[in-house]
Amino acid sequence: MIALITGASSGIGEEFAKNLASRGFNLILVARRRERLKEIKEKITNIFDVRVKTICLDLSKTECCKRLYEEVSKLHIDILINNAGFGLFGKFDKTDLDRELEMIDVNIKAVHVLTKLFLQDFKHRNYGYILNVASIAGFMAGPLMATYYASKNYVLQLTRAVSQELRHDNVNVYVGALCPGPVDTEFNRVAGAQFAIGGSTATEIAEYGIEEMFKGKTVIIPKKEIKALAMLSKAVPSRLMLWGTYFAQTARRGDPSDD
């Protein structure tokens with residue numbers, strides 16, 4: 001059995017790798033940081049009796065996504081975890097456009113391309129798992145992280161729609177979305193933000209996500225508090241939810257007007 005994990009050089013991606021290795025899965029780990037991938041490979045193979053292949057690619061480039069698929073398409077992948085992604089904090093008119101476009105390429109386009117290409121193979125075999133890492137942000141709009149929230153909305157809604165198509169086709173292929181809240185990873189540093197709510201550990205999120213994936217859960221939300229927030233986002237008027245989200249963002253980082 002083989003699992004392919006993108007964004008595997010740290011955080012949840014690394015924990016996905018450790019968890020699946022403990023279950024006997026051979027791994028293909030994908031990220032941009034070659035040395036970090038090498039370290040994780042050594043760490044895993046020193047503990048678990050599994051094979052680990054590392055692939056260094058920049059998934060913000062569509063051609064690299066296609067190249068990744070072509071490189072592994074004959075290896076009979078059982079699980080694809082689309083975990084690569086990042087965020088950016090700040091007012092929309094002030095955040096860097098090129099960085100935002102890169103975020104859209106990684107958070108949306110890479111997930112879209114890889115999900116489509118691997119799903120075609122999985123449907124042909126009538127077997128396979130695709131887990132897309134979205135976020136609780138996918139349930140709402142996010143002032144001060146507008147592009148990130150919008151990107152996770154795309155991932156969540158795409159996943160739900162494709163999952164319904166598969167149910168209608170009655171095929172044995174899983175597509176689901178993992179929607180964590182705050183997680184204690186490098187995400188905060190990259191996004192330039194700190195969370196006001198205490199985060200889960202990457203280990204906890206990965207463990208819960210994999211367990212629920214194997215149970216066939218389409219939308220996976222760890223922690224009761226985060227599930228309550230998802231329900232609240234549907235019940236509370238959107239204007240009030242937007243105000244609350246803006247307040248929460250400024251509380252964790254400070255007034256972005258000061259930047």
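Read-outs throughout are calculated quantities, based only on the coordinates presented, and are distinct from any laboratory measurement. Just so it is clear, the structure is predicted and the values come from calculations on it, not from any experiment. A quick note on method: Cβ atoms are made from the backbone with ideal geometry, for glycine too, and the neighbour counts reach across all protein chains shown.
For region 89-134, the set of chymotrypsin sites (Phe, Trp or Tyr not before Pro) satisfying both a DSSP loop assignment and a count of at most 10 other C-beta atoms within 10 Å is empty. Computed with the Debye formula from one identical point scatterer per Cα of region 50-123, without solvent, the log10 of I(q)/I(0) at q = 0.12 Å⁻¹ comes to -0.39.
Legend: distances between Cα atoms for K53/K224; K38/K66; K74/K217; K116/K224; pairs beyond 26 Å are K53/K224; K74/K217; K116/K224. When you count the other C-beta atoms within 10 angstrom of each residue and take the mean per peptide, 42-54, 8-20 line up highest first as 8-20, 42-54.
Each 5 Å bin from 0 upward holds the following percent of the Cα-Cα pairs of region 1-143: 2, 10, 19, 21, 20, 14, 8, 4, 2, 0, 0. Taking the square roots of five times each eigenvalue of the Cα gyration tensor of region 94-148, the equivalent ellipsoid has semi-axes of 29, 14, 6 Å, listed largest first.
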